[in-house]
Amino acid sequence: MLTIFNTMTRHKEQFEPLQQGLVTLYACGPTVYDVPHIGNLRTFLFSDLLVRYLERAGYEVRNVMNITDVDDKTIRGAQNDGVTLGEYTQRYTRYFFEDLETLRIRPAWKYPRATEHIDQMLDLVQTLVEKGHAYEHEGSVYFDISSYPGYGKLSGVVPDEQASRQFGRLENDEYEREDVRDFALWKASAPDEPSWDSPWGPGRPGWHIECSTMAIEYLGETIDMHVGAVDLIFPHHENEIAQSEAATGREFVRYWIHPEHLIVEGEKMSKSKGNFFTLRDLLGQDYDPIAIRHQLMTAHYRRQLNFTVEGLAQSQQALTRLWDFADRVDEVPDDAAGEDLSGQVEAARERFDAELDDDLNVPGAMAAVFGLMRQVNPLLAAGRVGAEGARQVRDFFEDADTVLGIIEHEKGSIDEEIDALIAEREQAREAGDYDRADEIRDELLAQGIIIEDTAQGPRWRRAE
Ligand code: AMP
Ligand code: ZN
């Protein structure tokens, strides 16, 4: 039974889907004007973990993630590169999908693109105009927030009397809480911009209308869960609620789920601040993609995660230990006798479930896996794990990994890594760089690997 924090009520609530056995989930996806940074990827990974959890719990999940392929940034990017909007966004959409795959983020049920749903968006805008919630001004259409009494219920903003018809001040889709105002549903296009025909002349959709339209199109007027990082609470999600509920007269979303940001030295990782890492940056420095996945999972989703290279190195070490352990469990012979481990394994599984059920505590669930490893490791080293115990551990790991996605690995990859580090240490010693050589020795020691220098060269063995 999942309890999950709902931003709308500001409480942890017991989750119950609208339809038994089925969960509808909408997550705001990327604006494809650049490669994602790992902050974006943390948020996408969060959706993946939530879906994996729900599927393991027996639900069928329909999860939709939109691709924003028309907005100010994509239009400007295409103009700067001298290519069409489609060519430009296609390039970054491809990078986005590559990054998901690299991080073992499973594909969503659907990835609708904004530019392929213009007609449906125009229908929704038309409905809002007909119902008196929207008005035209110089070829653009604005949502009148004074026409919708619930405005502010998610974010807590309170529109003042002047907020209505304040569209002229800012044309941007993203703005601060102080700038509560009517927002554009449809924007008149400049002559050199891509545009679509509409009853109000050539234009393009605003950002917010895209998500309402595609959520309703694929998941219905009321959806169970809606995910996006905290920066989207206002104005994006507040505006999604206003336009959806004003149009349908129904509750739009039942559980609003907002993961916190990835930060760097106290600041949100973002393109505009220039303090960002992409997945490609990190893979170029030889980090294993699964170590990056692991690092992005080390903080509870409602806490900021402070990204550091040291943290990433620790993830890499933790995984090496875990994979090595899993390999040795696999190598226990089929006929080996040993101790009964069912008590330990069941306790680990219970903890794993309880942690995830409690507001998707992924770090807690990982602690259950690593905790079992620490308990079983000395028994394994002492030859006290038999075929049955090994099978129990393996079954639990397989089960846990359907959510975590960090245990599965290529066999032999660890020995290769260790050999490579030892070779690097030899080179460092030959070059007289003893600090680096000692560093590598300590690094391996932290992973339980002892190097012994013999007359035949260095050898390594596992600490018992
Ligand atoms: P964008 O491509 O900018 O539209 O963002 C895609 C997703 O990443 C949205 O859900 C954002 O809220 C989220 N996001 C942006 N910056 C960060 C960050 N530093 N940490 C976590 N999520 C972020
Ligand atoms: Zn959205």
If you bin every alpha carbon distance in the chain into 10 Å steps from zero, what whole percent lands in each bin? 4, 18, 25, 23, 14, 9, 5, 1, 0
Name the lysines eligible as straight-distance cross-link partners of LYS131: C-alpha to C-alpha under 22 Å, and not fewer than 8 places from it in the same chain. LYS153, LYS187
Report the one residue of PRO205, GLN314, VAL385 whose Cα lies farthest in the direction of the positive end of the charge dipole of the chain (charges on C-beta: Lys and Arg +1, Asp and Glu -1; origin at the Cα centre). PRO205
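Could you give the size of the charge dipole of the chain about its Cα centre, using +1 on the Cβ of each K and R and -1 on the Cβ of each D and E, expressed in debye and rounded to the nearest 20? Before the final figure, lay out the partial values.
Values: 47 positive and 87 negative charges, 134 e Å.
Roughly 640 debye for the chain.
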Calculate, axis by axis, the spread of Cα positions in segment 263-404 along the three principal axes, and write the results as whole Å, longest axis first. 59, 34, 21
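Determine the dipole magnitude for segment 263-404: charges of +1 sit on the beta-carbon of Lys and Arg, -1 on that of Asp and Glu, nothing else is charged, the reference point is the Cα centre, and the result goes in debye to the nearest 20. Please report the intermediate quantities before stating the final value.
On the way: 15 positive and 26 negative charges, 169 e Å.
So the magnitude is around 800 debye.
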Distance in nm between label sites at ALA337 and ALA463, each 7 Å beyond Cα in the beta-carbon direction? 3.2
Segment 276-298 and segment 326-366 have their Cα centres apart by a whole-number Å value of 26
Residue-averaged [θ]222 nm for the chain, counting only DSSP H segments that reach four residues, each worth -39500 (n - 2.57): -14500 deg cm²/dmol
Segment 18-259: D in µm²/s via Stokes-Einstein (Kirkwood Rh, Cα pairs, 10 °C, 1.306 mPa s)? 86
Got the relative contact order for the chain handy, in percent, Cα pairs under 8 Å and 6 or more residues apart? 15
Pick out, from ALA336, ALA463, ASN66, the residue whose Cα sits farthest towards the positive end of the charge dipole of the chain, with +1 on the Cβ of Lys and Arg and -1 on the Cβ of Asp and Glu. ASN66
Could you work out how far apart the two model spin labels at GLU101 and GLU346 are, taking each label as a point 7 Å from the Cα in the direction of the beta carbon, and quote it in nm? 4.3
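Just how large is the dipole of segment 413-462 about the Cα centre, in debye to the nearest 20, putting +1 at every Lys and Arg Cβ and -1 at every Asp and Glu Cβ?
Numbers: 7 positive and 15 negative charges, 50 e Å.
Using Cβ point charges on Lys, Arg, Asp and Glu, segment 413-462 gives about 240 debye.
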Amide H proximity to ARG113 below 5 Å, modelled H, separation 5+ or other chain, gives ILE67
Once amide H atoms are placed 1.01 Å from N in the peptide plane, what residues at a sequence separation of 5 or more from ASN306, or on another chain, have their amide H within under 5 Å of its amide H? ILE263
Using a basic spin-label model with each label point 7 Å from the Cα along Cα→Cβ, how many nm lie between GLU439 and GLU55? 4.0
If you find the alpha carbon centre of segment 62-98 and of segment 201-257, how far apart are they in angstrom? 21
A chain fully extended from ASP197 to ALA446 at 0.36 nm per residue, minus the present Cα-Cα distance, gains in nm 83.3 nm
If you take every residue apart from THR74 with its C-beta less than 15 Å away from the C-beta of THR74, what net charge results, scoring Lys and Arg +1 and Asp and Glu -1? -4
Where both partners of a DSSP beta bridge lie in the chain, what percent of those bridges are antiparallel, to the nearest 5? 55
For the Cα atoms of the chain, what angle does the longest principal axis make with the long axis of helix 413-430, in degrees from 0 to 90, nearest 10? 70
Measuring from the longest principal axis of the C-alpha atoms of the chain, the long axis of helix 434-446 (C-alpha) lies at a number of degrees, nearest 10, equal to 90
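Every number here is computed from the coordinates shown, using simple stated rules; none is lab data. Model, not experiment: these values are computed from the prediction. We place every Cβ from the backbone using ideal geometry, glycine too, and count neighbours over all the protein chains shown.
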